[in-house]
1. Would it be correct to say that residue 292 is buried (at least 18 other Cβ atoms within 10 Å of the Cβ), over 22 Å from the mean Cα position of the chain (by Cα) and more than 26 Å from residue 237 (Cα to Cα)?
2. Considering 49, 129, 70, which residue is in contact with a Cys (Cβ under 8 Å, 6 or more places away or on another chain) and over 20 Å from residue 262 (Cβ atoms)?
3. When you look at residue 119, is it of a type outside the set (Gly, Ala, Ser) and over 25 Å from the mean Cα position of the chain (by Cα), yes or no?
4. Give the residue that is nearest to ligand 2 (Cβ to nearest atom), with candidates limited to residues of region 67-91 that are in a strand (DSSP E or B) and touching a strand residue (DSSP E or B) at 6+ places or on another chain (Cβ under 6 Å).
5. Could you tell me whether residue 255 is under 21 Å from residue 37 (Cα atoms) and either hydrophobic (A, V, I, L, M, F, W, C) or touching a Gly at 6+ places or on another chain (Cβ under 6 Å) (or both)?
6. When the residues of region 239-248 are narrowed to those that are surrounded by 14 or more Cβ atoms within 10 Å (Cβ to Cβ) and away from ligand 1 (no atom under 11 Å from the Cβ), which ends up nearest to the chain's Cα centre (by Cα)?
7. I'd like the full set of residues that are part of a helix (DSSP H, G or I), more than 18 Å from residue 44 (Cβ to Cβ) and in contact (Cβ under 8 Å) with a residue 24 or more places away in the chain, limited to region 192-224.
8. Please find, among 105, 125, 88, the residue that is of a type outside the set (Val, Ile, Thr), surrounded by fewer than 18 Cβ atoms within 10 Å (Cβ to Cβ) and at pLDDT below 95.
Amino acid sequence: MYDYLVVGSGLFGAVFAHEARKNGKSVLMLERRNHVGGNIYCEELDGINIHKYGAHIFHTSYKDVWEYVNQFVEFNNYVNSPVANYKGELYNLPFNMNTFTKLWGVVTPQEAANRIAQQRTVIQGTPQNLEEQAISLVGTDIYTKLIKGYTEKQWGCSCTELPAFIIKRLPVRYTFDNNYFNDKYQGIPIGGYNKLIDALLEGIEVRLGIDYNDNSAEYRKLAAKVVYTGPIDAYFAYSLGRLEYRGLRFETERLEELNHQGVAVMNYTQREIPYTRIIEHKHFEFGTQPVTYITKEYPADWHPGEEAYYPVNNDKNQQLYEKYAARAKQESNVIFGGRLAEYKYYDMDDVIKSALICAEKEF
Ligand code: FAD
Ligand code: UDP
């Protein structure tokens, strides 16, 4: 009998398992996929770390989380500065003076602010959805060229049906600063994310290719407590209905080129192009290899049984999640944590923070 059975080897499970072992507890980890790491897993090809489940840039303002991850792996000084491609016109992201200058030929922050103020007058009162929120932040031109098409293909619905918070993730700045994030600390693990996961899981017994929900009654007997990081609705056999997720499809190509697009992330913001972004992986680690790998990221409708990438946090799903969460509270000796079990649009640092808080309560 183990002290803990950790279901899922993503960041939540790996951090929790590490802390448990550090505190003298025995841990068994089960992972459905054939590798550890969840969505931060990378595959090395020609010396380049391929982010298999989409581009991952570590950024945080939590000093404790930054110090925590740096114990396990050193981070480089990569700063994410994606470029938006709208019908062949290139704009810097996030929305900043470089974007405004290219778009309107304005020179000063005041001129840019005036343009946006003029355009946002179409929105009265508090923004009720993503479209209203976006227009009120950056005006109609940017909304039309850089937000509407990208967002509607990303989420598969109209911007008026999406919650405003999604767009608030992006900074809007009246300075010439292309840093995509406002956080104090940022970088990519030198040598890739697998180094971080492998260090966290050192000494932990992991069984791959096992879905806990296929035989939960038996697996449950293996440990005094379970830490579950899979989808919360799957845990309860969808008994209250299914939560919705957004899916993704990745298409990776090896190119006999030194440098394909000159930036790690290029967003394709027009609706007609079916992918949202092209990632050129080598630029995350300033690679100088003679070849390069690019990945096109296609948003997709999600069907049961497929990898669930994003929770769709609209009112309907949120209400259903609350019902599952109430049931989860009544499960004795089971901890639910992470992006899928909490049905939250969590970044990596939030997941680590929440796993650390959870571990602190436990030990
Ligand atoms: P996961 O990584 O999903 O791990 C859960 C694990 O549990 C998986 O390995 C899964 O296979 C396993 N599992 C599930 N169910 C079962 C079961 N029944 N039995 C056994 N195993 C099971 N965050 C950032 O900070 N910066 C970024 O740039 C960034 N980019 C992202 C890009 C994309 C495309 C996506 C999808 C996410 C991105 N994120 C980013 C978020 C980041 O991936 C997550 O915050 C983090 O990986 C979540 O960790 P987790 O442990 O909660 O979940
Ligand atoms: N977004 C956009 N245009 C862009 C980039 C992002 O409209 O070029 C919007 C889109 O709605 C997206 C949200 O901003 O879902 C958050 O973007 P972020 O890059 O944080 O998304 P993630 O990396 O989590 O997919």
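The values are calculated or read from the model by the stated rules, or taken from the named source; none is laboratory data. Just so it is clear, the model here is predicted, and its values are computed rather than measured. Positions of Cβ are generated from backbone atoms using ideal geometry, with glycine treated the same way; all protein chains shown enter the neighbour counts.
1. Values: buried (at least 18 other Cβ atoms within 10 Å of the Cβ): yes; over 22 Å from the mean Cα position of the chain (by Cα): yes; more than 26 Å from residue 237 (Cα to Cα): yes.
Criteria met by residue 292.
2. Values: 49 fails: over 20 Å from residue 262 (Cβ atoms); 70 fails: in contact with a Cys (Cβ under 8 Å, 6 or more places away or on another chain).
When all the criteria are applied, what remains is 129.
3. Working: of a type outside the set (Gly, Ala, Ser): yes; over 25 Å from the mean Cα position of the chain (by Cα): yes.
Yes; evaluated as a whole, the condition is true for this residue.
4. In the first step, residues of region 67-91 are kept if they are in a strand (DSSP E or B); the result is 75, 83-86, 89-91.
Checking which are touching a strand residue (DSSP E or B) at 6+ places or on another chain (Cβ under 6 Å) leaves us with 75, 83-85, 90-91.
Details: 75: 19, 83: 9, 84: 5, 85: 9, 90: 12, 91: 9 Å.
Filtering first and then ranking leaves 84.
5. Details: under 21 Å from residue 37 (Cα atoms): no; either hydrophobic (A, V, I, L, M, F, W, C) or touching a Gly at 6+ places or on another chain (Cβ under 6 Å) (or both): yes.
Against the criterion (under 21 Å from residue 37 (Cα atoms) and either hydrophobic (A, V, I, L, M, F, W, C) or touching a Gly at 6+ places or on another chain (Cβ under 6 Å) (or both)), residue 255 does not qualify.
6. The qualifying residue nearest to the chain's Cα centre (by Cα) is 244.
7. Our first condition is that a residue be part of a helix (DSSP H, G or I); within region 192-224, this holds for 193-200, 212-214, 216-220.
Imposing the further condition that a residue be more than 18 Å from residue 44 (Cβ to Cβ) reduces the set to 200, 212-214, 216-220.
If the condition is that a residue be part of a helix (DSSP H, G or I), more than 18 Å from residue 44 (Cβ to Cβ) and in contact (Cβ under 8 Å) with a residue 24 or more places away in the chain, then 200, 212, 213, 219, 220 are the ones that fit.
8. Working: 105 fails: at pLDDT below 95; 88 fails: at pLDDT below 95.
Of the residues listed, the single one that is of a type outside the set (Val, Ile, Thr), surrounded by fewer than 18 Cβ atoms within 10 Å (Cβ to Cβ) and at pLDDT below 95 is 125.
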